[in-house]
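Reading through the structure tokens given below for one structure.
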Amino acid sequence: MDELLQRLDALQRRAAEGDKLISALQHRVDELESREKRAKSQAATARREPAAPQKPPRTTVASTPPVLTAAVPPSPVVADTIPGLRPPEPMGNQYEGEGEDALRSDLPGLSLRIPGSQSEVRFYGFANVNGYHDFNGRNQSDAPTVQTIPLTGSPADLQGGDTGLSARFSRIGMDTRTATAWGTLETRFEGDFGGGTAASPNAVFRLRQAWGEIGTEQFRVLVGQANSLWNEGVYETVNFSTNLNQSFVRQPQIRATAALAPGLTGHLSLEMPDTQYTSVAGVFTQISTPSGFPGLSPAFASLPDLLGRLEYRYDGSILDLRGLLRDLTIRTDGTAAAPPAVKRDTVGWGVAGNGRLPMRWLSPSFGPDELVGMAYYGQGIGRYFGGNTFGQDALSNVGLPGIVDVTLDALPTYGASVGYRRFWMPQLRSNFVYSYAWQQYPSYALFFVPGSASATLLNSTMQQGIVNLIWSPFAEVRGNNVGTGWLDVGLEYVYSHRDVFGGTPATLPAGAGFATANRVLGSVTVRF
């Protein structure tokens, strides 16, 4: 019996040892499964995130005194950098040669990188309201040009000045940038509400820009509707008029841009043509005819406009030279023009230059002040100066009594502007501007019907003076320049004068042969 109990006890010990072995084996299996799960998890994480850099070994260095540096404001948050992607162009610069970009914020806008792609997108724009009061003739436009101010003694002049408010030039745009094998592909779509009737509260959306550009800083090509290579804002104002000697033409084009040397950039473009000429019947363009002229327009163009530009930048200065060559044509066959049918061609051409001089070059006491200026000369370039002329690329004697030899004469024109930008403090600045323009007309223009649009729009000389005060409470100094921030509040005085070719005999009964306008306006612009 004792022997049996001993055997039973031995079996129980062996069973207990077996249970321990099974438990140990199960624990080992659990441990191995846990390690495998951790390994898979770490591998997945490594694929999603780059490995953290290893810390360098700690070394002992000699103690050095702390270096004090000027406080630098934090940079605005922008989309993650994509290797090889060209950075956004500077914003808030009044002198980029694309005047409307002057009103874009110097912030990067609402920018983000599209997840899982090599693309960035940015939304930008501003809301604006401006008010104005005229002290001379009633000029019911929130964007008046010198060439159309009411003639002295005209009904609008006798009515006296008017007051208005407008917000229709508020703007919105979208930029995209994508890294490709050919460089950065950039697209832009931009519009405002400046379409429709001037000073109307029912603003109409208007396409300003729609283009794509691909390439690198060394060479790139643009296709679409964009600012003309001829464009130059020259000086800073708070109103949305195309002022005297400014050019803000936007039109379809093909453009190539190349970096020629350090600081030197070259541009060449083929741009939309549009012959605009004036005859006794009125002002003609390729897509419009004057009131009372039925049917098709005799204005034609056989070739696109050819434009070129050289731009040199150094330490805040700009030297710029641009030129254009264009074809101007009229064909009266198939139109309502009096027979016999004629076809006439002439060549338009022009050159212009502008510059910006940082006044700190003369003395540091001037701070960020700038002196700017421009001058131009050409024949048949009227439509590129929308504030100066309309329909005066050329004049034609077609339709005048007794004319046997019909001519199309490209009009000689020249002008100049000079401006000084004074910073009283970073948040407060002024601009002082004077502009002069001159046009030469053939003698047969004296036979246009007195008082008609053909006669009253032929301004022989024009002058304009502008003085403003602009408060930008969020402006800050950035090196040698001033970033104006996201808010501008401005007050401006504009003086304009024009003298009509032929004087009062050419303009009666519409008014005297000259006009003067004095306007005060205020503007508030909030950018994003």
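The numbers here are math on the coordinates, done by the rules we state, and not lab data. The shown structure was predicted, so the numbers you read here are calculated from the model rather than taken from an experiment. Please note: Cβ atoms are built from the backbone with ideal geometry, for glycine as well, and neighbour counts cover all protein chains shown.
Counting Lys and Arg as +1 and Asp and Glu as -1 over every other residue whose Cβ lies under 10 Å from the Cβ of N354, the net charge comes to -1.
The alpha carbons of segment 204-332 give a radius of gyration and a Dmax of 17.6, 56 Å, in that order. Projecting the Cα atoms of F193, Y132, P150 onto the charge dipole of segment 127-196, computed from C-beta unit charges around the Cα centre, puts F193 farthest toward the positive end.
Counting other Cβ atoms within 10 Å, which chymotrypsin sites (Phe, Trp or Tyr not before Pro) in segment 453-513 have at most 16 and lie in a DSSP loop?
For chymotrypsin sites (Phe, Trp or Tyr not before Pro) across segment 453-513 that sit outside H, G, I, E and B with at most 16 neighbouring Cβ atoms in 10 Å, the list reads F474.
Taking amide H positions as modeled 1.01 Å from N, with prolines and chain starts lacking one, the residues under 5 Å from R86 and 5 or more places away or on another chain are T184. Remark on G194: its backbone amide H falls under 5 Å from those of R206, a criterion applied only to residues 5 or more positions apart or on other chains, H modelled at 1.01 Å from N. The 3J(HN,Hα) values that the Karplus relation (6.51, -1.76, 1.60; θ = phi - 60°) gives for segment 330-335 are, in residue order, 10, 9, 8, 4, x, 10 Hz. Gly and Pro appear as x.
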